[in-house]
1. If we scan the stretch 62-71, do we find a residue that is within 18 Å of Asn117 (Cβ to Cβ), more than 12 Å from the chain's Cα centre (by Cα), open to solvent by 90 Å² or more (accessible area, probe 1.4 Å) and of a type in the set (A, V, I, L, M, F, W, C)?
2. Does at least one position in the stretch 81-101 carry a residue that is among the small types (Gly, Ala, Ser), under 22 Å from His45 (Cα atoms) and touching a Ser or Thr at 6+ places or on another chain (Cβ under 7 Å)?
3. Checking Cys13 against (1) modelled with pLDDT under 95; (2) in a helix (DSSP H, G or I); (3) open to solvent by less than 40 Å² (accessible area, probe 1.4 Å), which test does it fail?
4. Restricting to the stretch 72-103, name every residue that is open to solvent by 80 Å² or more (accessible area, probe 1.4 Å), over 27 Å from Gln52 (Cβ atoms) and not aliphatic (A, V, I, L, M).
5. Exactly one of these conditions fails for Lys5: (1) of a type in the set (Lys, Arg); (2) in contact with a strand residue (DSSP E or B) (Cβ under 7 Å, 6 or more places away or on another chain); (3) open to solvent by 80 Å² or more (accessible area, probe 1.4 Å). Give me its number.
Amino acid sequence: MTEIKIDDLKTLCMTALTKTGLSNEHAAITVDHYLENECSGKKSHGMVRVLQIPPAIQKYGLPVKEIEITKDNNNIAAIDGHMSTGPVVGKAVLEETILRSKKHGLALVGANRYLGNSGSMA
């Protein structure tokens, strides 16, 4: 079995994603999320998912718009990811759900149009 240091793996994945044109911020969110899954034993939603991103960007292109809320019904919302990566959109959904839950006591936020897999957010 080949071993690689976590920092080296992170650098390799960041390089691969930024070479596709993904922003440093989006690449970092994506890599950190998949790395956390990998280190938590969720290998099916770990570093193997990084491999999905470059072909998806080739097929669908880079996000051209910021993530946006397309439906807003107080404690229920829908987010259009505009083809950002799953972890980036998942982070936006999580943050929006927390804000709305604090305001309304309970919230439901969903998303569509994102690249790859959103993975496990918990």
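1. no
2. Within the stretch 81-101, one or more residues are among the small types (Gly, Ala, Ser), under 22 Å from His45 (Cα atoms) and touching a Ser or Thr at 6+ places or on another chain (Cβ under 7 Å).
3. Every listed condition holds for Cys13 apart from (1).
4. Asp72, Asn73, Asn74, Lys102, Lys103 - these are the residues of the stretch 72-103 that are open to solvent by 80 Å² or more (accessible area, probe 1.4 Å), over 27 Å from Gln52 (Cβ atoms) and not aliphatic (A, V, I, L, M).
5. With (1) of a type in the set (Lys, Arg); (2) in contact with a strand residue (DSSP E or B) (Cβ under 7 Å, 6 or more places away or on another chain); (3) open to solvent by 80 Å² or more (accessible area, probe 1.4 Å) applied to Lys5, the lone miss is (2).
Listed here are the residues, each with its yes/no results for (1) in contact (Cβ under 8 Å) with a residue 60 or more places away in the chain; (2) within 16 Å of Glu25 (Cα to Cα).
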| residue | (1), (2) |
| --- | --- |
| Cys39 | no, no |
| Ile53 | yes, yes |
| Tyr60 | no, no |
| Asn74 | no, no |
| Ala78 | no, no |
| Thr85 | yes, yes |
| Val93 | no, no |
| His104 | no, no |
| Gly116 | yes, no |
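The values are calculated or read from the model by the stated rules, or taken from the named source; none is laboratory data. Quick caveat, the model's predicted, so the values are computed rather than measured. For neighbour counting, all protein chains shown are included, and Cβ atoms are generated from backbone atoms with ideal geometry for every residue, glycine included. Just the protein is used for accessible areas: all its heavy atoms, side chains included, with ligands, DNA and RNA removed. Shrake-Rupley method; radii C 1.70, N 1.55, O 1.52, S 1.80 Å.
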